[in-house]
Amino acid sequence: MRGTILNYDIRIGEGLISGDDGKRYTFKGSSFGSDNVFLKNGVAVDFEVENDEALSIFVVPGTGQTSTNDIFEGIGGKSKMVAGLLALFVGGLGVHKFYLGYKRAGIIMLLVTIFGIILLGIPSIIIGIIAFVEGIIYLTRSDEGFYRTYVQNRREWF
C-alpha cells in the first residue's frame, strides 16, 4: 500500500502514516526498510499493513528521500559536519561549543586558550588537543548518534 508520513517523532521512534485508502496507520522506527534513510513528514512511502500497523516501510523513489544529516539538521538545527570542522580548525577558541549552543563550555575554552598563552602556552595546547579530539568524535559519530548526544541530550564535553 502507498501513503504519506503524517508525523514521525524520532525521539520515541513512532509515527503515523495516512494510507491511500483513507485510513491512518501507526508505525515504529524499526519498520524502516533502510538503515541509511530516515523518514520525515510529508514523504510518500510504500508499506505493508498488519493489524492496523504499517510494516516494511520504504520511501517511494523521487518523492522526498533525504539523507540522515538533512533530517537531523532539520530537527536540531545543527550539523555534525559544521561542528566537527569548527572543532578541528578553530576549536581552541571554543567556536564549535558556541555553534552547538554551549555558551559556558565555549567561554571556558576561550578563556583557557587566552590565559594559556600567558602561561607558556601549555593550557592552550591542552584545549587545542581536546577540541581536535571532539572534532574527530563529531565527524565519526553517526548522524543519529550526534543528534541524540549533542543536540537532544545537550552533552557539552566529548
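Check off (1) modelled with pLDDT of 85 or more; (2) open to solvent by less than 40 Å² (accessible area, probe 1.4 Å); (3) not polar (S, T, N, Q) for Val95 and give me the number that stays unchecked. (2) is the only condition that Val95 fails.
Each residue in segment 52-75 was checked for being at pLDDT below 60, more than 8 Å from the chain's Cα centre (by Cα) and open to solvent by less than 50 Å² (accessible area, probe 1.4 Å), and 2 of them qualify. Can you find even one residue in segment 114-126 that is small (Gly, Ala, Ser) and under 28 Å from Ile12 (Cα atoms)? The answer is no, given that none of the residues of segment 114-126 is small (Gly, Ala, Ser) and under 28 Å from Ile12 (Cα atoms). Do you know which of the residues in segment 8-37 that are outside any strand (DSSP E or B), within 30 Å of Asn153 (Cβ to Cβ) and open to solvent by 30 Å² or more (accessible area, probe 1.4 Å) is modelled with the highest pLDDT? Filtering segment 8-37 for residues that are outside any strand (DSSP E or B), within 30 Å of Asn153 (Cβ to Cβ) and open to solvent by 30 Å² or more (accessible area, probe 1.4 Å), the one modelled with the highest pLDDT comes out as Ile12. Is at least one residue of segment 76-87 assigned to a loop (DSSP other than H, G, I, E, B), at pLDDT below 90 and of a type in the set (Ser, Thr, Tyr)? Yes; the residues of segment 76-87 include at least one that is assigned to a loop (DSSP other than H, G, I, E, B), at pLDDT below 90 and of a type in the set (Ser, Thr, Tyr).
Evaluate the following for Thr149: is it open to solvent by less than 30 Å² (accessible area, probe 1.4 Å), farther than 23 Å from Ser79 by Cβ, part of a helix (DSSP H, G or I) and polar (S, T, N, Q)? No: the conditions fail for Thr149. Quick check, is Gly128 more than 30 Å from Asn7 (Cβ to Cβ), part of a helix (DSSP H, G or I), over 17 Å from the mean Cα position of the chain (by Cα) and at pLDDT below 90? So Gly128 fails the test. Yes or no: segment 132-141 includes at least one residue that is over 16 Å from the mean Cα position of the chain (by Cα), part of a helix (DSSP H, G or I) and at pLDDT 80 or above. Yes, segment 132-141 has at least one match.
Of all residues in segment 138-158, those that are within 17 Å of Gly13 (Cβ to Cβ) have Cβ atoms under 6 Å from Cβ atoms of residues that are open to solvent by 30 Å² or more (accessible area, probe 1.4 Å) and assigned to a loop (DSSP other than H, G, I, E, B), 6 or more apart or on another chain, in Thr149/Arg155; Val151/Lys78.
The values are calculated or read from the model by the stated rules, or taken from the named source; none is laboratory data. Because the structure is a prediction, the values reported are computed rather than measured. Glycine gets a Cβ as well: all are built from the backbone with ideal geometry, and neighbour counts include every protein chain shown. Accessible surface is based on the protein model in full, side chains and every heavy atom, while ligands, DNA and RNA are left aside. Shrake-Rupley method; radii C 1.70, N 1.55, O 1.52, S 1.80 Å.
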